[in-house]
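Enquirer: There's a structure below that I have some questions on.
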Amino acid sequence: MNPIVVFDAVTRIFQVRGSTEAGTAPGARIVQALDRVSFAVREGEILGLAGESGSGKSTIAELMAALQTPTNGRVLFNGEDLAGLRGAGRREFHRRVQMIFQDPYESINPQHLIRWWVEEPLEIHGIGARADRLERVRRALAQAELRPPDAFLNRYPHQLSGGQRQRVAIARAIVLEPSLLVADEPVSMLDVSVRAGILRLLRRLRDELDLTILYISHDLSTVRYIADRVAILYQGKLVEIGGTDAVMRTPLHPYTQALMSAVPTLVVAGPRRPRVLLPAGNGSAATTPSCRFAARCPHAMNVCRQREPLLVELAPGHAVACFLHSEAAVPQPGGRA
Ligand code: SF4
C-alpha cells in the first residue's frame, strides 16, 4: 500500500507560560511534544496510535490535519510537504483530511439543527447547490447509520444520545468525501455500550468509502479491535510500530508490554501475561541522550542512560526502539518504519 501521509523526522516544540528556565522568554517553558518522529500511514489502512496522556498523540493528529506546523521535519500528504500548500491546494487538502474529535458534546454546536451542522462544510467549500447539498447531508447521515436520515435533519443535538451525536460528527466528517479521517479518541467519552457500534461503523466506512483512518486512543483494547497496524508513543518518541496482531501478541518494548498487561479485556492466545507495574512519573527528562523510559523501565541498563535507542525493524514491518533488541544501534536522527 502506498503511503498517504509521511511523518519525516518531525519535532514539535512548544513554549508554555509559567517557567523561569534559563534560555526561554520570561515566564516561558520549553515542552518538546514530539522528537524526530518518523512513520507512514498507508492508503486504506487503519493505523492505531496509542500512548499515555502527554505522549504526543494529539499533536500528531493536529500536525496531520495541518492545524499545527512542525518545528523541524516534514509532514507529507500524497508526497507533498504540507508546509508548501497554499491557496486551492490547501483548500483541497482541508477537504480531503477530516477530523473526528473526542467529545461529541463539545464538537457540535447545540444551537443549530443537525441538518445545518452536517451541511456547513459543503457551504464552506462551495460544494453543490442547496438541493444537492441536502441530498449529500441525507446520504452522509445514512452512511453514519442515522436512519431514516429525515428523522434527524430537524433535530437539535440535545435531542440525541451521545452515540448519535458522535455519528453526526462522523456524518459531518464524511460529507466532504475525504480520503483521510483523523479520529482523536472518538469513543473515550461514550458509554461502553455504544463504543463497539462506533468502532464497527468506522471500520465499515473505511471499507465502503475507501478511507484511510488514523485512530488515536489511550485504550489498547479499542486499538486492537479496529486497527490494522499500531504505533506506540512514549513522551514524544515512537517506541514501537507493527501489525496489530504482532504487537499485541509479541510486544517488544517494555512500555508496550506494560500497557498490554494493563488491558483487562484483551483476549490473546496463550497464558495471560503478569501485570507489569511501572513506577509513577513520566520518566527521564530528555536533557541528555538517553532512553526516555529509563527511569521507569524494569530492564534499564547503563547504556539506556547514556544513549538513545534507535527504531530498528526486527521482523518485517515490526520495529522497536529498545537496547534489549538492538544494543549495537548507534543513535542518529529519524528512522522510519
Ligand atoms: Fe528499557 Fe533500556 Fe529498552 Fe529503554 S532502551 S526501554 S530503558 S531496556
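Enquirer: Taking region 104-115 on its own, how many of its residues are touching a helix residue (DSSP H, G or I) at 6+ places or on another chain (Cβ under 9 Å) and not in a loop (DSSP other than H, G, I, E, B)?
Expert: Adding up the residues that qualify gives 5.
Enquirer: Here's a follow-up. Out of (1) modelled with pLDDT under 95; (2) away from the ligand (no atom under 16 Å from the Cβ); (3) under 25 Å from the mean Cα position of the chain (by Cα), the odd one out for residue 272 is which?
Expert: In the conditions (1) modelled with pLDDT under 95; (2) away from the ligand (no atom under 16 Å from the Cβ); (3) under 25 Å from the mean Cα position of the chain (by Cα), residue 272 misses (3) alone.
Enquirer: Just the residues that are touching a helix residue (DSSP H, G or I) at 6+ places or on another chain (Cβ under 6 Å) and modelled with pLDDT under 95, please, taken from region 138-161.
Expert: Across region 138-161, the qualifying residue is only 157.
Enquirer: Moving on to the next point. Is it the case that region 87-110 has a residue that's in contact with a Ser or Thr (Cβ under 9 Å, 6 or more places away or on another chain), hydroxyl-bearing (Ser, Thr, Tyr) and on the phi < 0 side of the Ramachandran plot?
Expert: Within region 87-110 (the criterion being in contact with a Ser or Thr (Cβ under 9 Å, 6 or more places away or on another chain), hydroxyl-bearing (Ser, Thr, Tyr) and on the phi < 0 side of the Ramachandran plot), the answer is no, since none of the residues qualifies.
Enquirer: Which residue is nearest to residue 203 (Cα to Cα), if the candidates are limited to region 139-184 and must be more than 19 Å from the chain's Cα centre (by Cα), among the polar types (S, T, N, Q) and assigned to a helix (DSSP H, G or I)?
Expert: Step by step, filter region 139-184, then rank; the result is 143.
Enquirer: Further question: As an exercise: evaluate residue 190 against (1) at pLDDT 95 or above; (2) out of contact with any Phe, Trp or Tyr (no Cβ under 9 Å at 6 or more places or on another chain) and give the number of the one condition it does not meet.
Expert: (1)
The rows are residues; the columns are (1) charged (D, E, K, R); (2) modelled with pLDDT of 95 or more; (3) crowded, with 19+ Cβ neighbours inside 10 Å.
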site: 31; (1), (2), (3): no, no, no
site: 34; (1), (2), (3): no, yes, yes
site: 39; (1), (2), (3): no, yes, yes
site: 43; (1), (2), (3): yes, yes, no
site: 53; (1), (2), (3): no, no, no
site: 60; (1), (2), (3): no, yes, yes
site: 63; (1), (2), (3): no, yes, yes
site: 74; (1), (2), (3): yes, yes, no
site: 95; (1), (2), (3): yes, yes, no
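Enquirer: Now a separate question. Go through (1) among the β-branched types (Val, Ile, Thr); (2) in a strand (DSSP E or B); (3) over 14 Å from the mean Cα position of the chain (by Cα) for residue 198 and report which single condition fails.
Expert: Result: residue 198 fails condition (2) only.
Enquirer: Restricting attention to region 296-320, report how many residues are surrounded by 14 or more Cβ atoms within 10 Å (Cβ to Cβ), within 9 Å of the ligand (Cβ to nearest atom) and in a loop (DSSP other than H, G, I, E, B).
Expert: So the count comes out to 6.
Enquirer: Inside region 227-253, can you point out the residues that are in a helix (DSSP H, G or I), in contact with a helix residue (DSSP H, G or I) (Cβ under 9 Å, 6 or more places away or on another chain) and surrounded by fewer than 24 Cβ atoms within 10 Å (Cβ to Cβ)?
Expert: Of everything in region 227-253, those that are in a helix (DSSP H, G or I), in contact with a helix residue (DSSP H, G or I) (Cβ under 9 Å, 6 or more places away or on another chain) and surrounded by fewer than 24 Cβ atoms within 10 Å (Cβ to Cβ) turn out to be 244, 245, 248.
Enquirer: Further, regarding this structure: Name the residues in region 201-220 that are among the hydrophobic types (A, V, I, L, M, F, W, C), in contact with an Asp or Glu (Cβ under 9 Å, 6 or more places away or on another chain) and assigned to a helix (DSSP H, G or I), would you?
Expert: Correct list: 201, 209.
The values are calculated or read from the model by the stated rules, or taken from the named source; none is laboratory data. If you're wondering where the values come from, they're calculated on a predicted model, not measured in any experiment. Cβ atoms come from the backbone with ideal geometry, glycine included; neighbour counts cover every protein chain shown.
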